[in-house]
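Notes follow once the structure below has been shown.
The values are calculated or read from the model by the stated rules, or taken from the named source; none is laboratory data. In this text the structure is predicted, and so the values were computed from the model without any measurement. Every residue, glycine as well, gets a Cβ built from its backbone with ideal geometry; the counts of neighbours run over all protein chains shown. Calculation scope for accessible area: heavy atoms of the full protein, side chains included, ligands and nucleic acids excluded. Shrake-Rupley method; radii C 1.70, N 1.55, O 1.52, S 1.80 Å.
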Amino acid sequence: MPRLLLFAVLLFFGLSARAAEALTVAVAANLQYTFAELAQRFSAKTGIVIQPVYNSSGKFAAQIQNGAPFDIFLSADTEYPAALAASGHAEAPRIYAYGLLVLWSNKPGFDVKNWPQSLLSPAAGKIALANPKVAPYGRETMKVLRHLKLDTRLRPKLVQGESIAQTNQYIHSRAADAGFTAKSVVLSRQMAGQGQWVELDRKLYQPIAQALVITRHGAKAQPQAARQLADYMAGPEARQILQQHGYLVP
């Protein structure tokens, strides 16, 4: 075989092998900054390329049910993964972390320590949260507000992002005076030191159990690579990274 043709054949099979090792991962928006580090560490260890996509958990669940070719889904709760497993669209869920809620403001002088009073103040404008219908962090936020009997009183001020990522944009840009988001966001390298935040009392809500699933597509197309990532997420390195980013781990 001529040398040039041999090189072309080897290049083709080399690229095909790399493409076969790439994992497309649906990642809940609260995990965006954390997963960037997790993916980089995992790829460095295994050579498996990670292609993350970020959105709300509810939107990903609907897309997977409709045949979207994600290999793994890292949800912001356990309900969506459990439903996908029950319908045959995914394997059994595994809890990889527990998320925590914070109230964050990028508005100078906003008092986050006394946040209920601050939000009720006429001086406070819009308050951002993730859409409770599709985003688990928004769902838990509404539980907190109902527990404190603030949901009705604050309703005129509430603005919803379709995910935590959009909610963060509202807060960071000061389109909202304050908002509810994941602790991992305010601890991230990208957002650390910007504005003021306070962790919400864990007596007001349950830390949010977050589960991953290997999808039916991933189990067929990339079974070995998908299981490597799922196992890595339960390993010591991933657990340490998750803790450093403000998550609790199982």
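A few notes on this one:
- In the distance distribution for the chain, Cα-Cα pairs more than 21 Å apart total 59 percent.
- Counted over segment 171-240 with a bin width of 5 Å, the fraction of Cα pairs per bin, in whole percents, is 3, 12, 16, 14, 14, 14, 12, 10, 5, 0.
- Taking a straight line from the alpha carbon of residue 126, these aspartates and glutamates sit under 17 Å away, with near neighbours fewer than eight places off in the same chain left out: 111, 151, 162, 177.
- Straight-distance crosslink candidates among lysines, where the alpha carbon sits under 24 Å from residue 220 and sequence neighbours closer than 8 are dropped: 45, 59
- DSSP beta bridges in segment 100-250 [antiparallel fraction, %, rounded to 5]: 55
- Computed over protein heavy atoms with a 1.4 Å probe, the accessible surface of segment 129-213 works out to 46 Å² per residue.
- Considering only 166, 137, 154, the residue lying farthest towards the positive end of the dipole of segment 81-237 is 154, judged by Cα position with unit charges set on Cβ.
- Each residue, residue 219 and residue 234, gets one label point 7 Å from its Cα in the Cβ direction; the gap between the two is 1.5 nm.
- Hydrodynamic radius by Kirkwood, which averages 1/r over all alpha carbon pairs of segment 51-95, in angstrom: 10.5
- If only the Cβ of Lys and Arg carry +1 and only the Cβ of Asp and Glu carry -1, the dipole of the chain around its Cα centre is close to 360 debye.
- Local electrostatic count at residue 77 - Lys and Arg +1, Asp and Glu -1, tallied over other residues with Cβ under 11 Å: -1
- Among 196, 44, 125 - extreme Cα towards positive end, dipole of the chain, charges at beta-carbon: 125
- Peptides 169-179, 44-54, 75-85 ordered by average Cβ neighbours within 10 Å, highest first: 75-85, 169-179, 44-54
- Rounded FRET efficiency, nearest 0.05, which uses the C-beta distance separating residue 120 from residue 174 and R0 of 30 Å: 0.95
- Fraction of accessible area attributable to carbon and sulfur, segment 123-162 (%, probe 1.4 Å): 54
- FRET efficiency, 1/(1 + (r/R0)^6) with R0 35 Å, evaluated for residue 62 and residue 248 via beta carbons: 0.80
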